[in-house]
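Engineer: Quick one: the structure is below, questions incoming.
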Amino acid sequence: MVSPKLISLRRKQKNRLIDLLCLKILARDGTHWGYDIYIKLKKGELPRFLEKEKIEPFPFHSSTVSRSLERLEKQGFIIKAEQPVKSKKGPPNIPCTLTLFGLLRVLEISKELWGYIDEIAAKHANKLPLIFGEWNYFKEKRVEGKVLEAMKIFCKTYVPYMYTSRGLAKTDEFLREDLTRNILFFHLGLITLPPLNKASEQIRQQIFEREKMKTFDWVKVWFENEKLRQYLTKELDEDEREHERRLRGNKLVREYIKNLGSIPK
């Protein structure tokens with residue numbers, strides 16, 4: 001039986017592959033030292049991937065991982081500790097941690113990682129306190145699927161744009177606020193549903209009743225958790241103030257238009 005021809009990767013393809021595998025390890029296993037990442041890749045992750053994808057093996061050294069981590073740091077996907085940490089074996093090493101941007105990026109391009117979401121939530125709870133930090137609560141309420149639905153759509157819609165827009169604020173703080181609100185407001189249809197101007201009154205009423213039921217069910221989930229309840233209350237207060245400000249501006253403009261219309265030509 002003739003063995004299938006293996007795919008030969010070019011240098012840039014090899015680099016992208018190592019970058020991806022490094023991100024997957026950091027996503028699934030949390031903060032790691034460069035040498036530990038190298039060992040995990042060499043003894044399991046890389047050979048398994050090459051075999052699965054029918055890719056021709058290529059030389060792989062610890063320096064390969066070092067260069068990969070340098071690239072990932074420049075792209076904003078990981079951060080390195082400022083000071084090396086002494087290790088029991090070998091020279092001092094520098095721990096590497098995924099940024100929230102890096103975590104979202106690898107979730108967006110590596111779909112199988114969603115199968116490890118429990119481990120990821122536990123390892124990265126500090127990156128998303130109101131989502132991963134409350135993950136066990138969402139599981140107790142059996143609504144983790146709703147959270148994942150919103151998060152996957154955010155990754156699919158926002159992350160590629162953020163990745164190509166280097167001038168965009170890619171800080172963890174910016175992403176944390178944006179992602180948290182997107183996830184927690186995703187199922188609040190009474191607030192987020194766009195206008196239905198072209199729908200009949202009957203259709204609008206049907207949609208309203210459906211979204212009201214879904215919204216109230218989701219609010220109940222929020223309400224029974226003190227941290228989520230405080231967040232929801234604060235966000236709704238800010239939304240209300242913003243809408244009142246916009247309404248005042250709208251009224252002022254309309255009054256000004258009326259006065260212009262009364263000016264003799």
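Taken together, the values in this text are just the output of simple stated rules run on the coordinates, not laboratory data. Small disclaimer: the values here were computed from a predicted structure and weren't measured. Note that we place each Cβ from the backbone using ideal geometry, even for glycine, and neighbour counts take in every protein chain shown.
Engineer: Of the conditions (1) over 23 Å from the mean Cα position of the chain (by Cα); (2) assigned to a helix (DSSP H, G or I); (3) more than 20 Å from Gly115 (Cβ to Cβ), Phe60 fails just one. Which one is it?
Structural biologist: Phe60 satisfies all of (1) over 23 Å from the mean Cα position of the chain (by Cα); (2) assigned to a helix (DSSP H, G or I); (3) more than 20 Å from Gly115 (Cβ to Cβ) except (2).
Engineer: Further question on the same structure: Do you know which residues across region 36-56 are in contact (Cβ under 8 Å) with a residue 12 or more places away in the chain and more than 27 Å from the chain's Cα centre (by Cα)?
Structural biologist: Within region 36-56, Lys42, Lys54, Ile55, Glu56 qualify.
Engineer: Examine region 120-129 for a residue that is surrounded by fewer than 17 Cβ atoms within 10 Å (Cβ to Cβ) and over 30 Å from Ala150 (Cα atoms), and state whether such a residue exists.
Structural biologist: For region 120-129, residues surrounded by fewer than 17 Cβ atoms within 10 Å (Cβ to Cβ) and over 30 Å from Ala150 (Cα atoms): absent.
Engineer: Let me ask you something else. Does region 179-188 contain any residue that is assigned to a helix (DSSP H, G or I), surrounded by fewer than 12 Cβ atoms within 10 Å (Cβ to Cβ) and not charged (D, E, K, R)?
Structural biologist: no
Engineer: What are the pairs with Cβ atoms under 7 angstrom where one residue, in region 134-153, is farther than 17 Å from Lys123 by Cβ and the other, located anywhere, is part of a loop (DSSP other than H, G, I, E, B)? Sequence gap at least six, or different chains.
Structural biologist: Short answer, once both residue conditions are applied: Tyr137/Asn225; Lys146/His187; Ala150/Phe186.
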